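Peer 1: Dumping the structure here so I can ask a few things about it.
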Ligand code: UDX
């Protein structure tokens, strides 16, 4: 929304949330206090805020004044009832739709921005048409393809913008109104309009395909470790085939983030609900492989450290689900930590952007052990050298650039020997690390010498 406001100074955009603390943070004069860390975002907010971009808790007023309303609420995976663990929880979508229906006194275009199961637009329309004050609503689907850490750049220069709407005259008019807003900075040929179902499904499918590529290369990483191939070399070789392409072929400790797992689970649930069991099983395998990758990374640490990590210190460099974000949702680090804590390891975490509170909250949410136990077993520090001192092993969970710049000789001097490094991101230079004296192992690289 900030980028939309920045690019369209003549349009007034009000972002509303019932969470007063969060809105206060968005209005904070200290731009380093914004609730989200995203490169380039504070500059965008600085330019547009107070000019045509406003943050407020007065939801009703903003609904009443608006000609267009973007619904961007959370749609977490259901933790209860039918579809538990798979389906998206649409509670907040429905509450938003009901609030719009109650407050609106003029015609509006309502736009779904949250990723949703297919045919949600219809549900929103039913609520709006049946409970509203007789005003007309057009529902559009305009899902977000930006990735965290590069969100501002992705929005300024998107591969495509997808707008789904009704194929009626009114539907086409509504789509055109939204196309115009994006066209102020994006070439028209990159703005696609489709029917609502295609738009909704495309978002799930795009994320499923991307996640599938990561799981595919991660499956190959395990094979590389057994055979003597190097997964980066395989990635490069297959990625140069223009039909395959080079992106999303980086083997890792497993994908995380708020979208991939949730969207695939959603796809699986939708397929199952139509009785398409083979389709569901096919996509579920992407998640199974990802869970396996996280688990085997942890198990490799245990087996390398002479089959026990009980009472040993293990340092995690990185907790975020990828670099350049403080987001930790579904981060592989959480699950690797959980597996190692089950083996009674002590974990020390350093992440340049993630707070101590967040790390403990992530572990507490697993409900594997009490909050007290989590705080006894896990320590969070603000200095990477302190994190690594007197440790039995270092595990790299996030590909932060700064990890490459560390004085690894100094770190080597301070750790317990033999010094082990487990690189879950294939980030460091293997030769440098072994020359220093580390026992260095990376995802997708064999230790075979034959
Ligand atoms: C994703 C989609 O890319 C974006 O289009 C959508 O709108 C939201 O979901 P995001 O979750 O921000 O974006 O991150 P992304 O860059 O896609 O990475 C997801 C996960 O996959 C991360 O944990 C990342 O480390 C991992 N990954 C990605 C790999 O392990 N290897 C790769 O080659 C690429």
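Peer 1: If you go through the range 81-132 one residue at a time, how many are assigned to a helix (DSSP H, G or I), under 25 Å from residue 260 (Cβ atoms) and in contact with a strand residue (DSSP E or B) (Cβ under 8 Å, 6 or more places away or on another chain)?
Peer 2: Matching residues across the range 81-132 total 5.
Peer 1: Among 438, 403, which is within 16 Å of the ligand (Cβ to nearest atom), touching a helix residue (DSSP H, G or I) at 6+ places or on another chain (Cβ under 9 Å) and farther than 12 Å from residue 315 by Cα?
Peer 2: From the options 438, 403, the qualifying one is 403.
Peer 1: Tally the residues that are exposed (fewer than 15 other Cβ atoms within 10 Å of the Cβ) and assigned to a helix (DSSP H, G or I), restricting the search to the range 184-196.
Peer 2: Residues flagged as exposed (fewer than 15 other Cβ atoms within 10 Å of the Cβ) and assigned to a helix (DSSP H, G or I) within the range 184-196 amount to 3.
Peer 1: Does residue 8 satisfy the condition of being touching a strand residue (DSSP E or B) at 6+ places or on another chain (Cβ under 7 Å), crowded, with 16+ Cβ neighbours inside 10 Å and closer than 21 Å to residue 109 by Cβ?
Peer 2: no
Peer 1: While we're looking at this one, here's another question. What residue, among those in the range 307-327 that are crowded, with 24+ Cβ neighbours inside 10 Å and in a loop (DSSP other than H, G, I, E, B), is nearest to the ligand (Cβ to nearest atom)? If you could, list the steps in order and put the result at the bottom.
Peer 2: Going residue by residue through the range 307-327, those that are crowded, with 24+ Cβ neighbours inside 10 Å are 309, 314-321.
Still in the list and also in a loop (DSSP other than H, G, I, E, B): 309, 318-321.
Working: 309: 24, 318: 10, 319: 12, 320: 9, 321: 4 Å.
Once the filter is applied, the top-ranked residue is 321.
Peer 1: Are there any helices (runs of 4 or more DSSP H) wholly within the range 344-444 with 1 or more residues that are outside the structural domain of residue 148 (by TED's automatic domain parsing) and within 21 Å of residue 149 (Cα to Cα), and if so which?
Peer 2: Passing ranges, in order: 356-366, 402-405.
Peer 1: Just wondering, is there one or more residues in the range 259-278 that are in a loop (DSSP other than H, G, I, E, B), buried (at least 20 other Cβ atoms within 10 Å of the Cβ), outside the structural domain of residue 330 (by TED's automatic domain parsing) and touching a helix residue (DSSP H, G or I) at 6+ places or on another chain (Cβ under 9 Å)?
Peer 2: yes
Peer 1: Just one of the numbered conditions (1) within 11 Å of the ligand (Cβ to nearest atom); (2) in contact (Cβ under 8 Å) with a residue 24 or more places away in the chain; (3) surrounded by fewer than 21 Cβ atoms within 10 Å (Cβ to Cβ); (4) not in a helix (DSSP H, G or I) is not true of residue 143; which one?
Peer 2: (3)
Peer 1: What tally of residues in the range 233-258 results from selecting those that are within 12 Å of the ligand (Cβ to nearest atom) and either surrounded by 13 or more Cβ atoms within 10 Å (Cβ to Cβ) or modelled with pLDDT under 95 (or both)?
Peer 2: 14
Peer 1: Let me ask something else. Does the range 274-298 hold any residues that are more than 13 Å from the ligand (Cβ to nearest atom), in contact (Cβ under 8 Å) with a residue 24 or more places away in the chain and more than 20 Å from the chain's Cα centre (by Cα), and which are they?
Peer 2: Those that are more than 13 Å from the ligand (Cβ to nearest atom), in contact (Cβ under 8 Å) with a residue 24 or more places away in the chain and more than 20 Å from the chain's Cα centre (by Cα): 296, 298.
Peer 1: Let me ask something else about it. State whether one or more residues within the range 148-170 are crowded, with 16+ Cβ neighbours inside 10 Å and over 28 Å from the mean Cα position of the chain (by Cα).
Peer 2: For the range 148-170, residues crowded, with 16+ Cβ neighbours inside 10 Å and over 28 Å from the mean Cα position of the chain (by Cα): present.
Peer 1: While we're here: Among the numbered criteria (1) crowded, with 21+ Cβ neighbours inside 10 Å; (2) over 24 Å from the mean Cα position of the chain (by Cα), which single criterion is violated by residue 303?
Peer 2: Result: residue 303 passes all but (1).
Peer 1: Among the residues of the range 38-72, how many are part of a helix (DSSP H, G or I) and closer than 22 Å to residue 106 by Cα?
Peer 2: Initially, the range 38-72 is screened for residues part of a helix (DSSP H, G or I), giving 41-48, 59-65.
After this cut, where a residue has to be closer than 22 Å to residue 106 by Cα as well, the list is 59-65.
Looking only at that region, the number is 7.
The rows are residues; the columns are (1) within 21 Å of residue 64 (Cα to Cα); (2) under 28 Å from the mean Cα position of the chain (by Cα).
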| position | (1), (2) |
| --- | --- |
| 95 | yes, yes |
| 105 | yes, no |
| 115 | no, yes |
| 123 | no, yes |
| 127 | yes, no |
| 133 | yes, no |
| 137 | yes, no |
| 140 | yes, yes |
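Peer 1: Just one of 128, 90, 140 is touching a helix residue (DSSP H, G or I) at 6+ places or on another chain (Cβ under 8 Å) and more than 23 Å from residue 58 (Cα to Cα); which is it?
Peer 2: 140
Peer 1: Starting from the range 310-329, take each residue that is within 19 Å of residue 418 (Cβ to Cβ) and outside the structural domain of residue 417 (by TED's automatic domain parsing) and list its partners that are within 15 Å of the ligand (Cβ to nearest atom) and in a loop (DSSP other than H, G, I, E, B), counting only C-beta distances under 6 angstrom and pairs at least six apart or across chains.
Peer 2: none
The values are calculated or read from the model by the stated rules, or taken from the named source; none is laboratory data. Note that the structure is a prediction, hence the values are computed from the model and not measured. Neighbour counts are summed over all protein chains in view; Cβ atoms, including those assigned to glycine, are modelled from backbone coordinates with ideal geometry.
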